[in-house]
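Chemist: Below are the structure tokens for one structure; questions will follow.
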Amino acid sequence: MTKTKTQSEQRPGRAGSTDILGTNSEIGRKLRQYYDGLVSEDVPDRFAQLLQELDQAESAAKPE
Amino acid sequence: MAVSADFKSGLLGAIPNLRAFAVSLTHNTDRADDLVQETLVKAWDKHESFQPGTNLKAWLFTILRNEFYSQMRKRGREIQDSDGIMTSRLAVHPSQHGSLDLEDFRVALERLPEDQREAIILIGASGFSYEEAAEICGCAVGTIKSRVSRARTRLQELLGISGEGEFGPDSIAAQILGTAV
């Protein structure tokens, strides 16, 4: 995936803050508050377990 | 080729963001977690198609989004419809205290059309550039820009906020697109 950006889309500071959703925008602030709240939730153990199982299944299938 | 340790730790590290995006799409934690699980399994299976050094998070978001829409097609519109009924019962009030309540914001966000909601989340919250968001959604950069602009306008309407960015280039874009209030 390329990382080309035009000047107007350069994100100052925090990623994702654009002109219309910048730090002075109430919508932009609420959006980040909403999303950051979700990101900081505790992650259920099932995902780490899942990755471990996938890992074990792989090494069982392809012994080195 | 074995799955590399970098790839594994990348998957682990991306989980909180994948969950946040999944909840934004589904409005439902259980469905979101199933979606994340499906995404991790798919990513594992096709790890060879990921090019190391490119944006793993964007790659994973693309998988999650595709999985979400393929599940939606399988289930028909039932989930969406029930969401619509639920959210229409919840009135959104402009704040009386000057500062917008987060719950009001969440309800308003859920009322956006999916394409607008995912665009404003990817750009305004997940930290992707317009180009990355366009790749994730499989559309043109200009399409993402107009979806973000319409989403913001709609949120302002729903939340009774006025006066933000009235004179910016996006208000001109909104007029051209016929989405101005």
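The values are calculated or read from the model by the stated rules, or taken from the named source; none is laboratory data. Note that the structure is predicted; figures quoted are calculated from it, not measured. Every residue, glycine as well, gets a Cβ built from its backbone with ideal geometry; the counts of neighbours run over all protein chains shown.
Chemist: So, in segment B:111-143, how many residues would count as being β-branched (Val, Ile, Thr) and either more than 11 Å from chain A (Cβ to nearest Cβ) or over 11 Å from the mean Cα position of the chain (by Cα) (or both)?
Modeler: Counting residues in segment B:111-143 that are β-branched (Val, Ile, Thr) and either more than 11 Å from chain A (Cβ to nearest Cβ) or over 11 Å from the mean Cα position of the chain (by Cα) (or both) gives 2.
Chemist: Mind checking which pairs have a first residue in segment B:102-118 that is polar (S, T, N, Q) and a second that is assigned to a helix (DSSP H, G or I), Cβ under 8 Å, 6 or more apart or different chains?
Modeler: B:Gln116/B:Arg147; B:Gln116/B:Val148; B:Gln116/B:Arg150; B:Gln116/B:Ala151; B:Gln116/B:Arg154
Chemist: Go through segment B:1-55 residue by residue and tally those that are crowded, with 19+ Cβ neighbours inside 10 Å and of a type in the set (Lys, Arg).
Modeler: Residues that pass the stated criteria total 1.
Chemist: B:Ile123 is checked against (1) crowded, with 19+ Cβ neighbours inside 10 Å; (2) modelled with pLDDT under 95; (3) part of a helix (DSSP H, G or I) and fails just one. What number does that condition carry?
Modeler: (2) is the only condition that B:Ile123 fails.
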